[in-house]
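Scroll down for the structure; my scribbles are underneath it.
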Amino acid sequence: MSMNTQGRPSKSAIVLAMEANKGLVLDEPLIFEQGAEGRTGIDLPELPKYKERLGGVRRRAAIGLPGLSEPQVVRHYTRLSQKNFGIDSTFYPLGSCTMKHNPRLNEKMARLPGFGDLHPMQPTSTVQGALELIDQLAHWLKTLTGMPAVAMVPGAGAHGEFCGMAAIKRALEARGEHRTKVLVPESAHGTNPATAAALGFTVEAIPANAEGRVDLAILKSKLGPDVAALMLTNPNTCGLFERDIVAIADAVHKAGAFFYCDGANFNAIVGRVRPADLGIDVMHINLHKTFSTPHGGGGPGSGPIVMAESLAEFVPLPYIVHDNQGFRLIEHAVDAMGKKPFGRLKGFHGQMGMFVRALAYILSHGADGLWQVASDAVLNANYILASLQDVMSAPFKGPCMHEALFDDRFLKDTGITTVDMAKALIDRGFHPMTMYFPLVVHGAFLIEPTETESKETLDAFIAAMRDLVREVRLGNVEMFKQSPRFAPSRRMDETRAARSPILKWTPADREENGDNGDITRDAAE
Amino acid sequence: MRYLPLTEDDRQGMLAKIGVKSVDELFCDVPDAAHLDGPVWDLPNHQSEYEVDRALSALAAKNVAAGSCPFFIGAGAYRHHVPASVDQMLLRGEFLTSYTPYQPEVAQGTLQHMFEFQTQICLLTAMDVANASMYDGPTACAEAVMMANRITQRRHAVISGNLHPHYRETTETMAQMTGFTLEIGQPSPQAAEDLIKLIDDKTSCVVVQNPDFFGRLSDYTKLAAACQAKGALLIVAIAEIVSLGLIKPPGEMGADIVVAEGQGIGNGLNFGGPYVGLFACKQKYIRQMPGRLCGETVDADGKRGFVLTLSTREQHIRREKATSNICTSSVLCALGFTMHLSLLGEKGLTGLAELNHAKASNLVDQLAEIPGCRVLNENFFNEFTLQLPKPASAVVDELAKRPILAGVPVSRLYPDKPALENLLLVTVTELTSDKDVEVLVRALREVCK
């Protein structure tokens with residue numbers, strides 16, 4: 001939008017925005033630039049007479065919120081939505097994120113008043129169905145993983161990591177052991193080392209071997225009485241199954257350490273392989289990945305953990321028990337029979353809205369459907385790997401699991417980079433894959449198609465990628481550097497954003513003159 | 001199966017392209033002992049949409065929905081009206097089914113509403129900067145204490161006894177697990193706490209809540225000055241965000257960090273989650289903040305745009321040196337918040353807040369007339385503490401049978417404090433009708449006889 005930086009905009013923000021429109025991608029000012037004093041999108045009943053009891057802390061200064069009617073707000077957010085890509089819009093092969101279709105039945109179920117309009121502090125006699133639902137989902141998670149215990153409360157994957165590593169810390173303390181080190185492969189998600197460090201462990205990296213997997217010999221050489229745990233993603237972030245996993249688990253256990261599995265990639269094996277059979281002690285499950293709860297632009301997620309017997313008593317509060325009184329919530333350590341809870345990790349009882357959606361997804365698929373989910377997810381990824389490996393460069397030999405990894409050797413000396421390829425892909429109508437992760441290969445492209453894409457979509461994507469490689473070979477550098485050209489925006493100046501951060505909107509006259517101008521009047525001019 | 005597009009022909013063609021005979025061959029790296037012959041046993045197979053709908057609806061029907069009876073529960077989650085347009089817009093697939101906006105050219109929708117959200121939080125709290133959301137209020141509180149520890153290079157925090165127990169307990173877990181200490185005051189539903197005497201040159205921060213767990217309102221300006229004098233930070237937690245429509249914001253009291261539960265605007269009760277944690281602080285602390293930040297910039301044509309920024313604080317760049325391990329947070333709940341607050345605007349939010357207070361104040365007058373009952377608060381926003389002549393949990397259970405959801409017995413959160421067992425937290429919002437009030441007052445008269 002063209003703002004007059006010398007002073008106030010000479011026209012209203014809406015008029016300026018309309019003049020800047022291209023095609024039908026409509027420019028849209030900030031909500032703060034569209035308000036008018038006294039306008040609102042909410043009608044309230046008349047205020048009754050009452051005695052004020054605010055103890056002298058009544059707000060005096062205006063908040064500064066803009067006033068808009070409902071039609072304006074609906075149009076504003078509709079226009080913003082049109083500047084976004086979602087799974088609903090297009091193929092969204094963001095590696096490590098499992099961008100699968102989000103069934104709308106799940107949304108409908110989560111909005112039933114019997115789930116959506118329940119207060120977490122209602123008497124448990126009035127929420128028996130909700131507790132039963134959480135218990136049912138817990139049963140599915142335990143059975144699918146073969147693990148005997150579960151903690152449902154973590155709010156997302158990284159929160160689940162914290163929960164699982166906290167359980168390990170408590171278990172070690174119970175054994176009277178002081179172990180300080182956590183081993184993390186170089187290919188791991190950043191959350192793994194961040195979690196281990198938050199819990200006071202020192203992090204030691206394990207390099208990958210030439211086959212993109214944990215180097216067993218190096219791992220063994222680092223295991224010792226100071227090692228608390230190994231945190232390993234399986235299938236790993238190169239999209240490969242750790243084929244030595246049983247030997248890895250044995251070595252970890254022999255050293256007296258625990259085996260934490262990052263379950264971000266569970267979609268590759270759900271219903272086909274049980275993590276318990278691999279020797280895993282604890283694993284988080286991202287319900288927003290494997291079990292299709294919507295990603296929402298960056299959450300909310302949900303990250304329950306499943307645990308082996310050795311960790312089963314070290315749980316967060318609260319948890320659910322089922323006895324002759326029905327379902328009960330254990331909210332305090334004093335009520336914990338047989339468990340040694342380590343405390344509360346967040347408010348209330350977990351991400352109920354996500355539990356409803358995940359269970360709707362799981363019941364829809366059933367055991368047979370989940371087997372097919374993993375099968376098709378792996379088949380789709382291998383189809384992409386097989387269809388592109390002759391023109392791109394795959395660092396490791398297949399078969400892969402649910403995601404296909406390429407590096408940037410095929411771009412060597414072309415002047416074109418991984419990010420250029422990704423941005424050019426946008427102009428072909430696809431959301432880019434994950435770029436530059438995992439860190440163990442140079443200029444990574446991590447492509448996760450998921451099972452909910454048709455062969456026709458995969459073929460179109462493969463054709464687009466092959467076509468881009470042809471452009472690379474033609475040396476069409478300028479086309480790449482100018483991409484994307486057809487997206488709602490051109491490439492952003494990220495350096496400028498970080499150098500002098502502007503993290504909120506301020507009225508133009510406040511910026512210019514340093515006074516607190518009336519923003520609603522300002523924007524309406 | 002309705003969510004799986006591949007046909008058997010597709011699968012055969014794809015296997016041929018890959019050069020294997022079966023999908024099993026693609027799982028060749030799985031150890032033999034872990035290979036299952038078929039689907040996991042003892043679990044049912046797939047079901048139609050209407051069968052799943054029926055099964056889950058049956059579970060939902062076993063619960064008493066808040067809207068189905070007189071309802072007075074708060075204690076950290078608040079039942080406000082969420083306009084129909086909010087939920088309709090949240091269901092737009094471009095918002096619902098996208099992820100963290102790493103590709104800003106195709107994520108300006110998410111980035112712009114994050115920027116609007118950050119601005120709204122700054123306005124409400126009167127703070128300089130806000131992040132793009134945390135999981136919820138309690139986790140935001142724990143993160144704030146850890147941030148204060150990093151800034152002050154101290155590892156000892158003072159916690160008000162009137163901080164919501166879930167905020168306190170979440171912070172206690174982090175203290176035990178990550179290695180810092182806490183000094184926690186006693187819950188005091190009536191007398192003011194003297195926290196100033198607990199602050200010394202080892203204190204990293206003081207955490208208070210406004211309105212506090214018992215509904216009391218305070219001006220923390222003096223406490224802020226006392227913190228500053230000792231080099232400690234003041235953290236103010238807000239569990240009922242609507243209160244800021246009527247109450248002096250913590251930034252005007254001198255707070256260094258403000259954390260809040262944002263559920264009350266734009267988000268339903270959802271049995272406790274997902275909610276949205278709000279996190280704001282002074283400008284000078286931004287490089288120690290946890291969570292995502294959206295910043296303004298320009299694109300290649302010089303047009304205004306938005307990107308994720310200052311990510312060198314975050315785990316995906318900094319790994320073990322990150323300010324927090326948080327990755328996925330609560331962006332869609334934050335969007336619900338932003339949409340609802342946009343609809344409210346200045347007039348709507350201030351009007352809504354005053355209506356909440358007015359209705360609560362009128363209920364207090366009625367409850368004061370019930371023999372044996374006493375409201376402990378002299379001041380409050382929309383929630384207050386009622387002292388009953390008998391244990392509150394028994395009264396709540398009795399009223400739940402009628403069904404009236406009368407409030408939260410304080411003993412549910414403080415099982416170890418018998419002195420608090422007759423106390424009931426009662427909340428009134430714009431959704432509380434005159435009829436609801438009448439039913440509650442009549443029932444309490446009977447039960448408290």
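Tally time: how many residues in the stretch A:64-81 are outside any helix (DSSP H, G or I) and surrounded by 18 or more Cβ atoms within 10 Å (Cβ to Cβ)? Before you say what the answer is, go through the steps one by one.
Of all residues in the stretch A:64-81, those outside any helix (DSSP H, G or I) come to A:64-69.
Still in the list and also surrounded by 18 or more Cβ atoms within 10 Å (Cβ to Cβ): A:64-68.
Total meeting the criteria: 5.
Could you list all residues from the stretch A:389-406 that are under 19 Å from A:Glu471 (Cβ atoms) and either under 26 Å from the mean Cα position of the chain (by Cα) or aromatic (Phe, Trp, Tyr) (or both)? Don't jump to the end; show me each part of the working.
First, the residues of the stretch A:389-406 that are under 19 Å from A:Glu471 (Cβ atoms): A:389-393, A:406.
The answer is A:Phe406, and nothing else.
Which residue, of A:Leu47, A:Leu80, is at the interface with another protein chain (Cβ under 7 Å from one of its Cβ atoms) and more than 28 Å from B:Gly93 (Cβ to Cβ)? So that I can check it myself, show each step before the final result.
Details: A:Leu80 fails: more than 28 Å from B:Gly93 (Cβ to Cβ).
Matching residue, one of A:Leu47, A:Leu80: A:Leu47.
Which residue is nearest to the chain's Cα centre (by Cα), if the candidates are limited to the stretch B:272-306 and must be under 23 Å from B:Val236 (Cα atoms) and among the small types (Gly, Ala, Ser)?
This residue is B:Gly277.
Which condition from (1) at the interface with another protein chain (Cβ under 7 Å from one of its Cβ atoms); (2) touching a residue at least 60 places away in the same chain (Cβ under 8 Å); (3) among the hydrophobic types (A, V, I, L, M, F, W, C) is the one that B:Phe71 breaks?
Only one criterion in (1) at the interface with another protein chain (Cβ under 7 Å from one of its Cβ atoms); (2) touching a residue at least 60 places away in the same chain (Cβ under 8 Å); (3) among the hydrophobic types (A, V, I, L, M, F, W, C) is unmet by B:Phe71, namely (1).
Of all residues being in contact with a Cys (Cβ under 8 Å, 6 or more places away or on another chain) and of a type in the set (A, V, I, L, M, F, W, C) in the stretch B:199-221, which is farthest from the other protein chains (Cβ to nearest Cβ)? Just the residue, please.
Quick first cut of the stretch B:199-221, residues in contact with a Cys (Cβ under 8 Å, 6 or more places away or on another chain) only: B:199, B:203, B:205-207.
From what's left, of a type in the set (A, V, I, L, M, F, W, C): B:199, B:205-207.
Working: B:Ile199: 22, B:Cys205: 18, B:Val206: 18, B:Val207: 15 Å.
Within the stretch B:199-221, the match that is farthest from the other protein chains (Cβ to nearest Cβ) is B:Ile199.
So, in the stretch A:338-361, exactly how many residues are touching a strand residue (DSSP E or B) at 6+ places or on another chain (Cβ under 8 Å) and more than 7 Å from chain B (Cβ to nearest Cβ)? Give the derivation first.
Restricting attention to the stretch A:338-361, the residues satisfying the condition of being touching a strand residue (DSSP E or B) at 6+ places or on another chain (Cβ under 8 Å) are A:339, A:341-345, A:347, A:349.
Checking the rest, the ones that are also more than 7 Å from chain B (Cβ to nearest Cβ) come to A:339, A:341.
Residues meeting the conditions: 2.
Which one of these is crowded, with 22+ Cβ neighbours inside 10 Å, more than 7 Å from every other protein chain (Cβ to nearest Cβ) and among the aromatic types (Phe, Trp, Tyr): B:Tyr50, B:Tyr78, B:Tyr99?
Numbers: B:Tyr50 fails: crowded, with 22+ Cβ neighbours inside 10 Å; B:Tyr99 fails: more than 7 Å from every other protein chain (Cβ to nearest Cβ).
Among B:Tyr50, B:Tyr78, B:Tyr99, only B:Tyr78 is crowded, with 22+ Cβ neighbours inside 10 Å, more than 7 Å from every other protein chain (Cβ to nearest Cβ) and among the aromatic types (Phe, Trp, Tyr).
Restricting to the stretch B:148-203, name every residue that is among the hydroxyl-bearing types (Ser, Thr, Tyr) and either modelled with pLDDT of 95 or more or not in a loop (DSSP other than H, G, I, E, B) (or both). Give the steps one after another, and end with the answer.
Step one: of the stretch B:148-203, the residues among the hydroxyl-bearing types (Ser, Thr, Tyr) are B:152, B:160, B:167, B:170-171, B:173, B:178, B:181, B:188, B:203.
Selection gives B:Thr152, B:Ser160, B:Tyr167, B:Thr170, B:Thr171, B:Thr173, B:Thr178, B:Thr181, B:Thr203.
Out of A:Glu242, A:Glu313, A:Glu309, which single residue is among the acidic types (Asp, Glu) and within 13 Å of chain B (Cβ to nearest Cβ)? Break it down into steps so the answer makes sense when it comes.
On the way: A:Glu313 fails: within 13 Å of chain B (Cβ to nearest Cβ); A:Glu309 fails: within 13 Å of chain B (Cβ to nearest Cβ).
Going through A:Glu242, A:Glu313, A:Glu309 in turn, just one is among the acidic types (Asp, Glu) and within 13 Å of chain B (Cβ to nearest Cβ): A:Glu242.
List the helices (runs of 4 or more DSSP H) inside the stretch B:1-117, counting only whole elements, that have at least 1 residues being more than 30 Å from A:Arg428 (Cα to Cα). If you could, list the steps in order and put the result at the bottom.
Working: elements: B:8-18, B:23-26, B:49-60, B:84-90, B:93-96.
Passing ranges, in order: B:23-26, B:49-60, B:84-90.
Would you be able to say whether some residue in the stretch B:417-437 is farther than 24 Å from B:Ala66 by Cα, modelled with pLDDT of 95 or more, among the β-branched types (Val, Ile, Thr) and surrounded by fewer than 24 Cβ atoms within 10 Å (Cβ to Cβ)?
No: the stretch B:417-437 contains no residue that is farther than 24 Å from B:Ala66 by Cα, modelled with pLDDT of 95 or more, among the β-branched types (Val, Ile, Thr) and surrounded by fewer than 24 Cβ atoms within 10 Å (Cβ to Cβ).
Are any residues in the stretch B:419-440 in a helix (DSSP H, G or I) and within 17 Å of B:Phe214 (Cβ to Cβ), and if so, which ones?
Of the residues in the stretch B:419-440, the ones in a helix (DSSP H, G or I) are B:419-420, B:434-440.
B:Ala419, B:Leu420 - these are the residues of the stretch B:419-440 that are in a helix (DSSP H, G or I) and within 17 Å of B:Phe214 (Cβ to Cβ).
Find the residue count for the stretch A:312-354, including only residues that are small (Gly, Ala, Ser) and at pLDDT below 95. Spell out the reasoning first.
First, the residues of the stretch A:312-354 that are small (Gly, Ala, Ser): A:312, A:326, A:333, A:336, A:338, A:343, A:347, A:350, A:353.
Keeping just the survivors that are at pLDDT below 95 gives A:333, A:336, A:338.
So the answer is 3.
Could we say that B:Ser85 is among the hydroxyl-bearing types (Ser, Thr, Tyr), buried (at least 24 other Cβ atoms within 10 Å of the Cβ) and at the interface with chain A (Cβ under 7 Å from one of its Cβ atoms) here?
Working: among the hydroxyl-bearing types (Ser, Thr, Tyr): yes; buried (at least 24 other Cβ atoms within 10 Å of the Cβ): no; at the interface with chain A (Cβ under 7 Å from one of its Cβ atoms): yes.
Considered against the rule, which asks whether it is among the hydroxyl-bearing types (Ser, Thr, Tyr), buried (at least 24 other Cβ atoms within 10 Å of the Cβ) and at the interface with chain A (Cβ under 7 Å from one of its Cβ atoms), B:Ser85 comes out as no.
Across the stretch B:369-400, which residue is nearest to the other protein chains (Cβ to nearest Cβ) among those that are of a type in the set (D, E, K, R) and more than 18 Å from A:Gln122 (Cα to Cα)?
Quick first cut of the stretch B:369-400, residues of a type in the set (D, E, K, R) only: B:369, B:374, B:378, B:383, B:390, B:397-398.
Filter again for more than 18 Å from A:Gln122 (Cα to Cα), leaving B:369, B:374, B:378, B:390.
Numbers: B:Glu369: 14, B:Arg374: 15, B:Glu378: 7, B:Lys390: 16 Å.
If we take residues in the stretch B:369-400 being of a type in the set (D, E, K, R) and more than 18 Å from A:Gln122 (Cα to Cα), then B:Glu378 is nearest to the other protein chains (Cβ to nearest Cβ).
Does A:Lys423 satisfy being in the same structural domain as A:Gly369 (by TED's automatic domain parsing), free of Cβ contacts under 8 Å to residues at least 60 places away in the same chain and either within 19 Å of A:His189 (Cβ to Cβ) or not aromatic (Phe, Trp, Tyr) (or both)? Walk me through how you get there before you give the answer.
Numbers: in the same structural domain as A:Gly369 (by TED's automatic domain parsing): yes; free of Cβ contacts under 8 Å to residues at least 60 places away in the same chain: no; either within 19 Å of A:His189 (Cβ to Cβ) or not aromatic (Phe, Trp, Tyr) (or both): yes.
For A:Lys423, the condition - in the same structural domain as A:Gly369 (by TED's automatic domain parsing), free of Cβ contacts under 8 Å to residues at least 60 places away in the same chain and either within 19 Å of A:His189 (Cβ to Cβ) or not aromatic (Phe, Trp, Tyr) (or both) - is not met.
Mind checking which residues of the stretch B:307-323 are more than 7 Å from every other protein chain (Cβ to nearest Cβ) and of a type in the set (Gly, Ala, Ser)?
B:Ser311, the sole residue that qualifies.
List every residue pair whose Cβ atoms lie under 9 Å apart, where the two residues are 6 or more positions apart in sequence or sit on different chains, the first residue falls within the stretch B:401-417 and is farther than 18 Å from B:Gly215 by Cα and part of a strand (DSSP E or B), and the second residue, located anywhere, is of a type in the set (S, T, N, Q) and modelled with pLDDT of 95 or more.
Once the first residue is farther than 18 Å from B:Gly215 by Cα and part of a strand (DSSP E or B) and sits in the stretch B:401-417, its partners that are of a type in the set (S, T, N, Q) and modelled with pLDDT of 95 or more give B:Leu405/A:Gln122; B:Leu405/A:Thr126.
Of the residues in the stretch A:400-421, how many are of a type in the set (Asp, Glu) and in a helix (DSSP H, G or I)?
Of the stretch A:400-421, the ones of a type in the set (Asp, Glu) are A:403, A:407-408, A:413, A:420.
Within this subset, residues satisfying the condition of being in a helix (DSSP H, G or I) are A:420.
The qualifying residues number 1.
Taking B:Ala224, is it in a helix (DSSP H, G or I), out of contact with any Cys (no Cβ under 6 Å at 6 or more places or on another chain), on the phi < 0 side of the Ramachandran plot and more than 12 Å from chain A (Cβ to nearest Cβ)?
Numbers: in a helix (DSSP H, G or I): yes; out of contact with any Cys (no Cβ under 6 Å at 6 or more places or on another chain): yes; on the phi < 0 side of the Ramachandran plot: yes; more than 12 Å from chain A (Cβ to nearest Cβ): yes.
Yes.
Could you tell me how many of the residues in the stretch A:106-129 are surrounded by fewer than 24 Cβ atoms within 10 Å (Cβ to Cβ), touching a Lys or Arg at 6+ places or on another chain (Cβ under 9 Å) and over 30 Å from B:Leu413 (Cβ atoms)?
Residues in the stretch A:106-129 being surrounded by fewer than 24 Cβ atoms within 10 Å (Cβ to Cβ), touching a Lys or Arg at 6+ places or on another chain (Cβ under 9 Å) and over 30 Å from B:Leu413 (Cβ atoms): 1 in total.
What's the total number of residues in the stretch A:271-319 that are surrounded by fewer than 24 Cβ atoms within 10 Å (Cβ to Cβ) and on the phi > 0 side of the Ramachandran plot?
Count: 1.
Here are the criteria: (1) part of a helix (DSSP H, G or I); (2) farther than 30 Å from B:Glu49 by Cα. Tell me which single one A:Glu313 does not satisfy.
(1)
Write out, first by first residue and then by second, each pair whose Cβ atoms fall under 8 Å of each other, whose residues are 6+ apart or on separate chains, and whose first residue, in the stretch A:102-123, is more than 7 Å from chain B (Cβ to nearest Cβ) while the second is surrounded by fewer than 22 Cβ atoms within 10 Å (Cβ to Cβ) and among the charged types (D, E, K, R).
Matching pairs, first to second residue: A:Lys108/B:Asp53; A:Arg111/B:Asp87.
Assess whether B:Gln288 counts as being surrounded by 24 or more Cβ atoms within 10 Å (Cβ to Cβ) and touching a Cys at 6+ places or on another chain (Cβ under 9 Å).
no
Restricting attention to the stretch B:310-355, which residues are among the β-branched types (Val, Ile, Thr), modelled with pLDDT of 95 or more and either more than 24 Å from the chain's Cα centre (by Cα) or crowded, with 23+ Cβ neighbours inside 10 Å (or both)? Talk me through it step by step, then tell me what you get.
Looking only at the stretch B:310-355, we keep the residues that are among the β-branched types (Val, Ile, Thr), and these are B:312, B:317, B:323, B:326, B:328, B:331, B:338, B:350.
Among the residues that remain, those that are also modelled with pLDDT of 95 or more are: B:331, B:338, B:350.
Within the stretch B:310-355, B:Val331, B:Thr338 qualify.
Evaluate the stretch B:123-136: report whether one residue or more is in contact with a Phe, Trp or Tyr (Cβ under 8 Å, 6 or more places away or on another chain), assigned to a helix (DSSP H, G or I) and surrounded by 24 or more Cβ atoms within 10 Å (Cβ to Cβ).
No, that holds for no residue.
Looking at A:Ala208, A:Ala197, A:Ala188, which one is within 12 Å of chain B (Cβ to nearest Cβ) and closer than 25 Å to A:Ala394 by Cα? Break it down into steps so the answer makes sense when it comes.
On the way: A:Ala208 fails: within 12 Å of chain B (Cβ to nearest Cβ); A:Ala197 fails: closer than 25 Å to A:Ala394 by Cα.
Only one candidate qualifies: A:Ala188.
The values are calculated or read from the model by the stated rules, or taken from the named source; none is laboratory data. Just so it is clear, the structure is predicted and the values come from calculations on it, not from any experiment. Positions of Cβ are backbone-derived with ideal geometry, glycine not excepted, and every protein chain shown enters the neighbour counts.
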